[in-house]
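Below is one structure, written out as structure tokens; comments come after it.
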Amino acid sequence: MMAAAKQNADRGELRANEPMSRHTSWRVGGPADLFFVPSSLAELAKFLGELDRATNVFWHGAGSNLLVRDGGIRGVVISASKILRSIERVEPFLVKAGSGAPCTQLARECLRWGLGPSEFFAGIPGTVGGALAMNAGAHGGETWERVESVRTIDRSGEIHQRSPAEYSIAYRSVTGPRNEWFIEANFRFDPDVTASKEVLNTLLERRKATQPLGLPSCGSVFRNPPGDHAARLIETAGLKGYRIGGAEVSVKHANFIINRDRASATDVEELIEHVRHTVIEKHGIELQHEVHIVGELPR
């Protein structure tokens, strides 16, 4: 695995035993066996095409909705942080965005072009690729409501053009062809809706006022159950401020868990499970994770 990876990474960055705490918004997580940052899409395709088929591949975006366990990730983590970041207006109401572009940047570019509804993208803390992978949303808007088509890359490095009809889309859930990763999407906006700077700024100010943005977190930990809000259920269960190790349920927003004081991934995961079980006991409702938990438990 290592020899094949080195052969393909002559221009990109390839690191062994890379701490994933450097690449997650919680600032926790054990090492990845290999961490590859390609310098171009062509290099990425070549790397995937020549990688040993037995090697596990994990696609990494901004790390904003991700908990990597303290035992780390076996195989290779691929980060598109240096590529796939372009945002282009290809038609009057059609925007092409790379999967590595921040959603906040997509919102601002659409505002500059007067395209709406697009302001909700400013409320999504990760990248376009991450938003596509989980149908991320904010303030009443969802990513796949705007998707006209996507491009993906598969395990062998082949690129595919896909339509929304090839995916099963639900609330914070997207299921499609296996072993493919999003590299680009075309977003269609409405001709009779103009993006508003005032609305975008209001959404950003609301986010700043209601979320603990100055501390390491992953955003919302749990999905909202039908007809209710996870934050309300957690707060009324008396869990605001509850701590395990260095991890704490935010007193500002109960659906956020913050790294208050050098938390481990184990601290965070144990707190997630404590919150989930407490809400079941208090309200009879089982919350579902919005955060993705990956990797190995510590030995």
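Every number here is computed from the coordinates shown, using simple stated rules; none is lab data. If you're wondering where the values come from, they're calculated on a predicted model, not measured in any experiment. Ideal geometry is used to build each Cβ from the backbone, glycine not excepted, and the neighbour counts take in all protein chains shown.
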Among the residues listed as 189, 222, 182, the single one being closer than 15 Å to residue 119 by Cβ and crowded, with 18+ Cβ neighbours inside 10 Å | 189
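Residue by residue through the stretch 152-171, note down the ones that are in contact (Cβ under 8 Å) with a residue 40 or more places away in the chain and farther than 24 Å from residue 288 by Cα.
Answer for the stretch 152-171, where residues must be in contact (Cβ under 8 Å) with a residue 40 or more places away in the chain and farther than 24 Å from residue 288 by Cα: 153, 154, 155, 156, 157, 158, 159.
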Out of curiosity, is residue 27 part of a loop (DSSP other than H, G, I, E, B) and without any contact (Cβ under 8 Å) to a residue 40 or more places away in the chain?
-> no
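Residues of the stretch 30-63 being among the β-branched types (Val, Ile, Thr) and in contact (Cβ under 8 Å) with a residue 60 or more places away in the chain, which ones?
57
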Would you pick out the residues in the stretch 255-290 that are over 17 Å from residue 216 (Cβ atoms) and among the small types (Gly, Ala, Ser)?
-> 284
